[in-house]
Amino acid sequence: MPTNTIAEAEAVTEVCTLDIGGMTCASCVGRIEKALLKLDGVADARVNLATEVASITYQPERIQLDALTAAVTRAGYTASPRHAASDAPVAPASDGAGERDRELSRMKRKWQVALATGLALMGLMYVPLYIDTMDWLMPAIFVVATVVQFWAGKDIYASAWAAANAEA
């Protein structure tokens, strides 16, 4: 067995839990795990997409918690340390649930606006209009569709951009 593996096995490790934000798919999980495992001093990193939590086994004398959160941020996601249940009062947990509810509410509103706009724009295809009307209507439809697409998909585009830059 190589000596560096023995030294790593004998080193003291701790486990920390990070709340991760911005994940949308299993590829995001792999990207975060890969970014964490590249760090010197990280023994194991496991990310759960459903709970949006990362569990990291690391050597505190070789790497600090700030470096772990920075690695997740560089990968294009948000990360904040989760405090142990005994350290945190019940109120912050409900704030986390409230934050999650606000996020779901925001996503629902975006979905509803995008759906209503898309259906309205598709409905225009079936309205018999004069050719002269189309000269000004088509650019207006393009602007409305573009604005709604980028407003509703901003989070996805931002994550894709960050992931593309992280890979480079």
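The values are calculated or read from the model by the stated rules, or taken from the named source; none is laboratory data. In this text, all values refer to a predicted model and were calculated from it rather than measured experimentally. Virtual Cβ from ideal backbone geometry, glycine too; neighbours counted across all protein chains shown.
Numbers at a glance
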{"read-out": "Residue list for the range 43-64, filter: under 12 Å from ILE20 (Cα atoms) and basic (Lys, Arg)", "value": "ARG46"}
{"read-out": "Selection count where residues are acidic (Asp, Glu), within 30 Å of ALA35 (Cβ to Cβ) and loosely packed, with under 12 Cβ neighbours inside 10 Å, scope the range 125-168", "value": "1"}
{"read-out": "Qualifying residue in the range 111-130 (condition: at pLDDT below 85 and part of a helix (DSSP H, G or I))", "value": "no"}
{"read-out": "Among the candidates ALA93, ALA67, ALA54, ALA26, residue that is within 22 Å of the chain's Cα centre (by Cα), at pLDDT below 90 and closer than 23 Å to ALA163 by Cβ", "value": "ALA26"}
